[in-house]
Protein chains: 2
Amino acid sequence: MNVVLLSNGIIPGKNKVMEYGLETIRKVVEKTGARKFVLVPYAVIRASHDDRVAAVQETLSELGCEVIGLHRCEDPVTAIEQADGIIVSGGNTWVLNKTLHDLGLINVIRKAVITHNKPYIGWSAGANIACPTIRTTNDMPIITSVVMNSLNLVPFQINPHYIEASPAGHNGETRDQRIEEFLAVNRHEVVAGIPEGTLFHIDGETLNFISANGKSMKLFRHEVAAEVFQEDDNVQFLMDQ
Amino acid sequence: MNVVLLSNGIIPGKNKVMEYGLETIRKVVEKTGARKFVLVPYAVIRASHDDRVAAVQETLSELGCEVIGLHRCEDPVTAIEQADGIIVSGGNTWVLNKTLHDLGLINVIRKAVITHNKPYIGWSAGANIACPTIRTTNDMPIITSVVMNSLNLVPFQINPHYIEASPAGHNGETRDQRIEEFLAVNRHEVVAGIPEGTLFHIDGETLNFISANGKSMKLFRHEVAAEVFQEDDNVQFLMDQ
């Protein structure tokens, strides 16, 4: 596999979307020779899909890559099959995952990534749907939807935009407490909280954690103290859950 | 109806659960003569259900009320029918709503509240499920569940723990943006964001917004600037959505 899963799109000081992950994406592009990418924009609710394509094109132009919007393709299945690689935008995970199911794209993307080794690059909601399910999203369920299976490219759950802090004086559950609730109900799963500015790179069978800003990944299991991992720490065991 | 919907359980300076809403709850108890309450604890994941009952009992002892846990009752349907009123604890909205459906309690509670005018008091997840659906919850979907209808005691959506602020440097969507997404998809609905320390009181047909800390309610509609309401402002129109 050639998969890059980013916590979020933009971090302070890096104004282009996924700019903080560009060196990892460059490695993937060089390794695979992928040039023509389709962008899956269905998570985008508050902006235009075309604008999102343009923003990603701006980032990938530096690597000589072309980006087209899947919403502009007459047949999305064929578009995925003919593309060299797939990019999935952040936004609302519920709308994204439901749309992929409605359009029959879940297995098409899985096949492209797993069988044909096409690059998959996703941030935020695009990272959520690379997990077995979308049960660790932070989004509101703005549509009525079964919590459906997602792409299952990696065998563990990711919590993108992971953050320890809460606004001062706020008594709502912290993210750590919400993840603890997930694990109390799903005791044999693990959740990797990846802060903004960090990403996972799956290169073949090898999993790497990369941090553009020194922030660390926090790994949660039921009734075990959370473990902290820095860039270049060995996190390979996560692929064997 | 005699309904009290609180944003959250505990606020700074008020250490008992729902203490900041006690004067409103006192009015409801005095009006209805309710003494024996059942607590619905199914949203509680990280604490014991019995401890939650004890905490609510501590608050309501001041009003001469008795609180029993629904999880201790042999027949939950009969327990609801025999109680004078219903209290629903915060926690995980998904687990709560699914459990009420699984136990066949949705219509039992609706009937108790709407037909028999029994008091309904809910905070956080307990306020979410008083809405038509749970699509404006802030929780993770830690179980696989259809986004089911909920109690529909009020005809609008509530976002409990509503907050404008985000942690410094965090680029994840703000709550306002998440609500904007909800409204982009659900254009004819309204969402009332109620900050911690505030509550709705439905007394018969009359809706009141009450704030224990001076914080205001923010009302969101699709493509309309959010409106701000203070305690005692007229919010009756919300009952006619």
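Within region B:1-29, residues that are among the aromatic types (Phe, Trp, Tyr) reach partners that are open to solvent by 20 Å² or more (accessible area, probe 1.4 Å) with beta carbons closer than 6 Å, at six or more positions or on different chains, in the pairs B:Tyr20/B:Lys14; B:Tyr20/B:Ala212. Here B:Gly122 meets the list (1) away from every other protein chain (no Cβ under 11 Å); (2) of a type outside the set (Asp, Glu); (3) outside any loop (DSSP other than H, G, I, E, B); (4) surrounded by fewer than 20 Cβ atoms within 10 Å (Cβ to Cβ) almost entirely, failing just condition (4). Consider region B:195-214 and keep the residues that are within 12 Å of chain A (Cβ to nearest Cβ) and of a type outside the set (D, E, K, R). The one that is most open to solvent (accessible area, probe 1.4 Å) is B:Asn213. Scanning region A:142-182 for residues that are in contact (Cβ under 8 Å) with a residue 40 or more places away in the chain and either on the phi > 0 side of the Ramachandran plot or of a type in the set (A, V, I, L, M, F, W, C) (or both) yields A:Ile142, A:Ile143, A:Met148, A:Leu151, A:Asn152, A:Leu153, A:Val154, A:Phe156, A:Ile158, A:His161, A:Ile179, A:Phe182. Going through A:Asn97, A:Asn117, A:Asn2, A:Asn15 one at a time, which residue ends up being at pLDDT 95 or above and open to solvent by 40 Å² or more (accessible area, probe 1.4 Å)? Sole residue among the options that is at pLDDT 95 or above and open to solvent by 40 Å² or more (accessible area, probe 1.4 Å): A:Asn117.
Yes or no, residue by residue, for (1) modelled with pLDDT of 95 or more; (2) over 28 Å from B:Thr144 (Cβ atoms); (3) of a type in the set (A, V, I, L, M):
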{"residue": "A:Ile143", "(1), (2), (3)": "no, no, yes"}
{"residue": "A:Pro167", "(1), (2), (3)": "no, yes, no"}
{"residue": "A:Ala184", "(1), (2), (3)": "no, no, yes"}
{"residue": "A:Ile210", "(1), (2), (3)": "yes, yes, yes"}
{"residue": "A:Ser216", "(1), (2), (3)": "yes, yes, no"}
{"residue": "A:Phe220", "(1), (2), (3)": "yes, no, no"}
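Note on region A:1-105: no enclosed helices (runs of 4 or more DSSP H) hold 3 or more residues that are among the acidic types (Asp, Glu) and within 14 Å of chain B (Cβ to nearest Cβ). The condition of being within 20 Å of A:Arg178 (Cβ to Cβ) and at pLDDT 95 or above holds for B:Asn159. Taken together, the residues in region B:146-182 that are more than 19 Å from B:Ser216 (Cβ to Cβ) and more than 7 Å from every other protein chain (Cβ to nearest Cβ) amount to 9. Every test in (1) among the charged types (D, E, K, R); (2) surrounded by 21 or more Cβ atoms within 10 Å (Cβ to Cβ); (3) within 15 Å of the chain's Cα centre (by Cα) is passed by A:Arg110 save one, and that test is (2).
The values are calculated or read from the model by the stated rules, or taken from the named source; none is laboratory data. Model, not experiment: these values are computed from the prediction. Quick reminder, even Gly has a Cβ in these numbers, built from the backbone with ideal geometry, and neighbours come from all protein chains shown. What goes into the accessible areas is simple: the full protein's heavy atoms, side chains included, and nothing from ligands, DNA or RNA. Shrake-Rupley method; radii C 1.70, N 1.55, O 1.52, S 1.80 Å.
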